[in-house]
1. Where residues in the range B:108-120 are of a type outside the set (S, T, N, Q) and touching a residue at least 40 places away in the same chain (Cβ under 8 Å), which of them is nearest to the other protein chains (Cβ to nearest Cβ)?
2. Please name all residue pairs, on different chains or six or more residues apart, with Cβ atoms under 7 Å, provided the first residue is in the range A:89-101 and is modelled with pLDDT of 75 or more and the second residue is in a strand (DSSP E or B).
3. On the basis of being in contact with a strand residue (DSSP E or B) (Cβ under 9 Å, 6 or more places away or on another chain) and within 16 Å of ligand 2 (Cβ to nearest atom), does B:ALA53 make the cut?
4. Would you check if A:GLY19 is open to solvent by 30 Å² or more (accessible area, probe 1.4 Å), closer than 20 Å to A:GLN184 by Cβ and over 17 Å from the mean Cα position of the chain (by Cα)?
5. Only one of these conditions is not met by B:ILE248: (1) at pLDDT below 90; (2) of a type in the set (A, V, I, L, M, F, W, C); (3) within 16 Å of ligand 2 (Cβ to nearest atom). Which number is it?
6. Could you look through the range B:80-107, keep only residues that are aliphatic (A, V, I, L, M) and in contact with a Pro (Cβ under 9 Å, 6 or more places away or on another chain), and pick out the one that is farthest from the other protein chains (Cβ to nearest Cβ)?
7. So which of A:ALA198, A:ALA230, A:ALA171, A:ALA158 ends up being part of a helix (DSSP H, G or I), touching a helix residue (DSSP H, G or I) at 6+ places or on another chain (Cβ under 7 Å), at pLDDT below 80 and open to solvent by less than 50 Å² (accessible area, probe 1.4 Å)?
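The values are calculated or read from the model by the stated rules, or taken from the named source; none is laboratory data. Remember, it's a predicted structure, so these values are computed and weren't measured experimentally. Here the Cβ positions follow ideal geometry from the backbone for every residue, glycine too, while neighbour counts run over all protein chains shown. We work out accessible area using only protein heavy atoms, side chains counted, and drop any ligands, DNA or RNA first. Shrake-Rupley method; radii C 1.70, N 1.55, O 1.52, S 1.80 Å.
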Amino acid sequence: MTSLLGYLGGEDGRNILSGLVNTCVLWVVGTLLGTVLGFLTAVARRYGPRPIDWLLKACVEVIRGTPFLVQAYLLYFGGPYLCLELGGASACLTLDPFEAGILGLTIYAGAYFSELFRAGFDAIPRGHIEAATTVGLDRWQTLRRIILPEMTMLVLPAMVNMSILLLKETAVLSIISVKELKFQVDIIGNRDYAFVEAFTILALVYWALVELCGRAGRYAEARLSRYRFAHS
Amino acid sequence: MSTVPAIRVRGLVKRFGDVEVLSGIDLDAPRGEVTCLIGPSGSGKSTLLRCIALLEEATDGFIEIDGEPLGFGLGPNGERMRLPQASVRQVRAKIGMVFQQFNLWPHMTALGNVAEALVTVHGMPRAAANAKAMAELDKVGLAARAEHYPSELSGGQQQRVAIARALALEPRIMLFDEPTSSLDPELTGEVLSVMRGLADSGMTMLVVTHEIGFAASVASKIVFLDHGKLLVEGAPGTVFGKPRHPRIEQFLDTYLDRGAAGLL
Ligand SMILES: Nc1ncnc2c1ncn2[C@@H]1O[C@H](COP(=O)(O)OP(=O)(O)OP(=O)(O)O)[C@@H](O)[C@H]1O
Ligand SMILES: [Mg+2]
């Protein structure tokens, strides 16, 4: 136990802390951008032309059907081969590990969130949208004022679960040398051959973050429960 | 001007794929009066109302509101032509609609539901919209429930909020699709009495209902729909009085246990 606490001070402590900060940034930014991407995807699939729906559906299925580890690898190591030629100049998807991590998480989260949002759209009673039409709301106003908030309260519990899964997926990014929590803890473990101590710290920190996220989610749900179960 | 009906429907046809649900409906709803639409389940009552509310697009035929074409008009060569969005919006604004399922938005309070379109569509400042919404809620007896969410209101209260939501926009015509059919019997009274008050105030109403008692006592005109056709229309006394059309006889046999026998 003393050895465990020993890692929390000095140089190691600072490294763990910076790993923790990076993990949180990856998690929060990935979740937020993923939410936006997922929402846009769900809207495009619902309101856009058929071919867009098919194309996005294929993308979502590939992303949901492959491990995040493999996606992170392909994005980081394969990105530089993805080039766009434009009038002599060419730009390639060369990313540093952190950028690749954010982009990878965003795409991964976006795929899952888009499915959540699609289910949320489908769960809104058609009559609620018709009521909006009869009082004169146009499509955009209906989306903004009725569909979006109503869907949010329907999918919130599932979104909290999904963002907890995302937090845990960030650990995978150490394999493309993103300096997040697991990366820092790996270094200590390898150096001192102290894997048990190091990974115990890791487990506790992840668990604390998950607990925090779960609590925030339950608080938000409680605030929303007042109107979540309206039966009309 | 007074001879122009509030709602005029001519040759209205609605098909869903191969299924013809409305087969050429002609209907006039006189201004300032209540017209009740009755008929067996599946006869096309909701579809007709939804066409008038422009929630469905009719396959053929025309609808006029106060003499103005709704959704479709005549083109230069006499062909049926879809009207521009601006005209649709302007004519639709004359119509309020109340649904069987209330369809209040669950994330807004009663007040929020009523004020929503005033703010979002008509650009009224929030405070003015809330004041107007409050006045409408007061008219349906729910001022005290303004801050409640739909999940905290009884069915009858929800339906009264839905009526207030439609009335806040000052429509010329109110459409009701079985407004009491999903309510417990002890709650239908409060909704029907709000509707009676509205009728007394001179609102033009087109009401789909199985409440024969209400229809017989409030409506000036009864329209009986059967298999997508308008079978009988006339004053309640004519339609319900004897001798009755055999289909109406049959229909009443099904619905008369709703306490309406004494009224006919
Ligand atoms: N969107 C739709 N697609 C296909 N068929 C439909 C659709 N809406 C209604 N119908 C059909 O049209 C017919 C008339 O339906 P409608 O809802 O207008 O009847 P109704 O007279 O209101 O019946 P009820 O008293 O049960 O409400 C029914 O056979 C119904 O199945
Ligand atoms: Mg119906």
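1. B:ALA117
2. A:SER90/A:CYS83; A:SER90/A:LEU84; A:ALA91/A:CYS83; A:ALA91/A:LEU84; A:CYS92/A:CYS83
3. The answer is yes for B:ALA53.
4. no
5. (3)
6. B:LEU83
7. Residue meeting the stated conditions: A:ALA198.
A quick yes/no check of all residues on (1) within 16 Å of ligand 1 (Cβ to nearest atom); (2) open to solvent by less than 10 Å² (accessible area, probe 1.4 Å); (3) of a type outside the set (S, T, N, Q):
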| site | (1), (2), (3) |
| --- | --- |
| B:PHE99 | yes, no, yes |
| B:ALA110 | no, yes, yes |
| B:ALA115 | no, yes, yes |
| B:VAL119 | no, no, yes |
| B:GLY123 | no, no, yes |
| B:MET134 | no, no, yes |
| B:LYS139 | no, no, yes |
| B:ALA143 | no, no, yes |
| B:HIS148 | no, no, yes |
